Amino acid sequence: MSDDIAKSLDTYKKSARRLRKAHAKDDPQAIERVAAHTPDGKQFRHADFLHVIAREAGHESWPKLKFSIQSAAMTNAEKAERLKMALYFGQNWVVEKLLAETPDLPSSNLGLQVALYDLDAVRKAIEADRSAATEVVGIRSPILHLAFSREIHRRPEKARDMIAIAELLVSNGADVDDAYPAEPGADHKLSALYGAICHADNFQLGAWLLERGADPNDDESLYHSTELNDTRALAMLLKHGAKPDGTNALPRALDFDDVAKVRLLLEAGADPNLTIPDHPSGMPMNTVPSLHQAVRRGRDTACVELLLEHGADPAAVWEGHTPYALARIYGNVAAARFLEAKGHATPLSANEGVLAACAEGVEDPGRLELGALTREDKSLLTNLVGMPGRLDQVMALVKAGLDPDVCDSMGLPPLHTAGWNGLVPELEFFLGLSPDLVRKNDYGGDALDTVLHGSEFAPRRKEADHVACARLLLEAGSVLYPQYITNCGNEELALFLSDWQEQAR
C-alpha cells in the first residue's frame with residue numbers, strides 16, 4: 001500500500017475514532033450521526049463507526065470506501081487483474097466500481113470482454129483473427145472465461161449476448177469440452193460445463209453446452225450439481241447421460257436434506273451399495289455405502305426407506321459398522337428405530353455401545369478401547385461437530401477417549417469443521433483443548449482461513465456466526481494475513497477483519 005493511500009485511509013480512520021469517543025460521551029451530534037446509519041439498540045463496535053464515516057463519504061460500507069481509495073492508485077494492469085478476480089468470484093460491486101472508474105479497462109483483454117458478455121468486442125476480435133476464439137488468455141481459453149464468469153448474476157439481461165458469444169466461439173473452433181488444470185501442473189482438469197453449472201450457477205449456459213455435446217461425465221459436474229439449491233441442474237445432467245456410479249454423487253446428495261436429489265440419482269441407476277476410489281482430483285472421497293451415509297448424515301426414515309426400496313443392503317459392514325449400528329452411534333434415533341422395525345437391528349460391539357451411549361446422553365458411557373477404533377470412529381468428532389446441537393455428544397466422546405485433534409480424510413480437525421460452519425460454542429470447546437491454530441487442512445487453509453471460506457459457502461443456519469468464530473480465533477492467536485481480507489467475499493466478515501487489523505496497529 002502506498003504512503004498516499006495509507007494517509008488517505010488514516011484520515012478516515014481518525015474520523016471514526018473521534019466519532020467513537022464523542023459517541024461514548026453521549027455527544028448529541030455524534031449520537032445523531034450514528035443513528036442515521038446504524039440500527040437502534042445495538043452494541044457498537046469500532047466497525048460501526050467506520051461504517052458511519054464511509055456512509056457520510058458517499059459509500060455503502062467501509063470496505064467499499066477502502067477499495068475506492070485503493071483502486072484509484074492501481075495501474076490499469078492491476079485493475080484488469082482485479083476485475084478478472086471479481087468476475088470469477090462474483091464480486092459484483094467490485095466489477096461495477098472498476099468499470100465505472102475505467103470504462104475501457106477490458107478493451108485489450110479478450111478474456112475480460114468474454115467474461116463481461118461484450119458481444120461486439122468479441123465479434124470484432126474474432127473477425128480480426130479467428131485464432132482468438134481458442135487462444136488462451138492468462139490460464140483459461142475464451143470459452144472457459146465465459147463458463148467461469150458469474151456475470152450472469154449481475155447482468156441477467158445479457159443472457160442472449162452470452163449465448164451468442166458461446167456460439168461465436170464454438171463456430172470458430174472452441175471446444176465445448178475445453179478444460180484447464182484445477183491446480184498448476186495438475187492432471188485433473190475443470191471443464192467448461194463444470195464452470196457454468198457448478199461454479200457460476202449459470203444454468204442457461206450449462207444447458208447450451210450440453211445441447212452442443214458437452215460430456216456430462218467430466219468427474220465434477222454431477223457430483224457438484226447435488227450441492228446446488230434445486231434439482232434442475234442434476235436432472236438436466238442425468239437427462240444428457242451423466243452416469244452416477246463412480247462419481248460419489250449419491251453419497252454427496254445424502255449430505256443434504258433433499259430426498260428429491262436422492263430419488264433422481266437412484267432412478268437414474270445409481271448403485272446404493274457402491275463404494276469408489278479417490279476422486280481424480282486427488283482428494284479423498286467418502287467411500288461409503290449410501291445407507292451408511294444416510295444414517296450418519298441424519299437423513300429421515302423416508303430417505304432410508306427409499307434407499308432400501310432401491311436395493312441398499314441393511315446388513316453391509318462399512319468401517320466396522322452396520323447401518324443400524326452407525327445410526328445408533330450418530331444418534332439418528334428415527335433411522336435406528338425404523339431399521340429395528342424392519343428387522344435390521346444388529347448387536348453392538350463394546351466400542352459401538354460406548355459410542356451409542358455418548359449419543360444417547362448416558363451419564364457414564366464408559367471408556368473406549370482406543371486400539372479397536374476404526375477410521376470412521378476416529379473421525380467422529382469432525383463429522384459431528386458441524387451439526388448444530390451435538391456439543392453434548394461431542395464432549396461425551398472426548399471424555400470417553402476420542403482424540404480431539406484427529407483429522408478426517410480431508411485433513412480437517414474438529415476445530416476447522418466447527419469454524420467452517422460458524423458454530424461458536426463448538427469452536428470454543430475445541431479452542432479450550434489447546435489446538436494447533438496454524439495447522440493447515442488438505443485444502444490449504446488454517447483455522448481462520450477455514451472460517452472465512454465457510455462464511456461464504458457453509459449452509460445458511462440460524463446458529464452460524466462466522467464473525468464471532470473469527471474473533472475467537474484471533475483472540476486465541478490466529479494470524480490475520482492481508483490476503484484473508486482481500487479474498488473474503490463475505491462483506492460483514494471483511495469489515496470485521498478490517499476493523500481488527502486497524503485496531504491491532
*Answer residue from region 202-225, given it is touching a Pro at 6+ places or on another chain (Cβ under 9 Å) and in a loop (DSSP other than H, G, I, E, B) and is modelled with the highest pLDDT among those*: Glu220
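Right, Val304: in a helix (DSSP H, G or I), within 23 Å of Asp255 (Cα to Cα) and in contact with a helix residue (DSSP H, G or I) (Cβ under 8 Å, 6 or more places away or on another chain) or not? Steps first, answer last, please.
Working: in a helix (DSSP H, G or I): yes; within 23 Å of Asp255 (Cα to Cα): yes; in contact with a helix residue (DSSP H, G or I) (Cβ under 8 Å, 6 or more places away or on another chain): yes.
So Val304 passes the test.
Looking only at residues that are of a type in the set (Val, Ile, Thr) and touching a Phe, Trp or Tyr at 6+ places or on another chain (Cβ under 9 Å) in region 130-185, which one is nearest to Asn92 (Cα to Cα)? Before you say what the answer is, go through the steps one by one.
Going residue by residue through region 130-185, those that are of a type in the set (Val, Ile, Thr) are 134, 136-137, 139, 143, 152, 163, 165, 170, 176.
Next, only the ones that are touching a Phe, Trp or Tyr at 6+ places or on another chain (Cβ under 9 Å) stay: 136, 139, 152, 163, 165, 176.
Working: Val136: 24, Ile139: 22, Ile152: 10, Ile163: 20, Ile165: 21, Val176: 26 Å.
The selected residue is Ile152.
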*Residues of region 304-321 satisfying the condition of being of a type outside the set (A, V, I, L, M) and surrounded by fewer than 23 Cβ atoms within 10 Å (Cβ to Cβ)*: Glu305, Glu309, His310, Gly311, Asp313, Pro314, Trp318, Glu319, Gly320
*Does at least one position in region 372-387 carry a residue that is on the phi > 0 side of the Ramachandran plot and more than 20 Å from the chain's Cα centre (by Cα)?*
no
*Subset of region 322-372 (residues that are among the basic types (Lys, Arg) and loosely packed, with under 15 Cβ neighbours inside 10 Å)*: Arg337, Lys342, Arg367
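Go through region 177-199 and count every residue that is in a loop (DSSP other than H, G, I, E, B) and either in contact with a strand residue (DSSP E or B) (Cβ under 8 Å, 6 or more places away or on another chain) or buried (at least 23 other Cβ atoms within 10 Å of the Cβ) (or both). Quick ask: steps written out before the conclusion?
Residues of region 177-199 in a loop (DSSP other than H, G, I, E, B): 177-178, 182-188.
Adding the requirement that they be either in contact with a strand residue (DSSP E or B) (Cβ under 8 Å, 6 or more places away or on another chain) or buried (at least 23 other Cβ atoms within 10 Å of the Cβ) (or both) leaves 177-178, 182, 187-188.
Residues that pass the stated criteria total 5.
Against the condition modelled with pLDDT of 95 or more, in contact with an Asp or Glu (Cβ under 8 Å, 6 or more places away or on another chain) and not acidic (Asp, Glu), how does Ser149 come out, does it pass?
Details: modelled with pLDDT of 95 or more: yes; in contact with an Asp or Glu (Cβ under 8 Å, 6 or more places away or on another chain): no; not acidic (Asp, Glu): yes.
It is false that Ser149 is modelled with pLDDT of 95 or more, in contact with an Asp or Glu (Cβ under 8 Å, 6 or more places away or on another chain) and not acidic (Asp, Glu).
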*Failed condition for Ser107, given (1) over 24 Å from Ala468 (Cα atoms); (2) more than 31 Å from the chain's Cα centre (by Cα); (3) surrounded by fewer than 12 Cβ atoms within 10 Å (Cβ to Cβ); (4) at pLDDT 85 or above*: (3)
*May I ask you to list the residues in region 184-194 that are touching a residue at least 24 places away in the same chain (Cβ under 8 Å) and within 14 Å of Asp215 (Cβ to Cβ)?*
Leu190, Ser191, Ala192, Leu193, Tyr194
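Going residue by residue through region 165-176, is there one that turns out to be in contact with an Asp or Glu (Cβ under 7 Å, 6 or more places away or on another chain), surrounded by 16 or more Cβ atoms within 10 Å (Cβ to Cβ), modelled with pLDDT of 95 or more and farther than 17 Å from Glu127 by Cβ?
Going through region 165-176, the residues in contact with an Asp or Glu (Cβ under 7 Å, 6 or more places away or on another chain) turn out to be none.
Among the residues of region 165-176, not one is in contact with an Asp or Glu (Cβ under 7 Å, 6 or more places away or on another chain), surrounded by 16 or more Cβ atoms within 10 Å (Cβ to Cβ), modelled with pLDDT of 95 or more and farther than 17 Å from Glu127 by Cβ, which makes the answer no.
The values are calculated or read from the model by the stated rules, or taken from the named source; none is laboratory data. The model shown is predicted, which means the values in this text are computed figures rather than measured ones. Cβ: placed from backbone, ideal geometry, glycine included. Neighbour counts: every protein chain shown.
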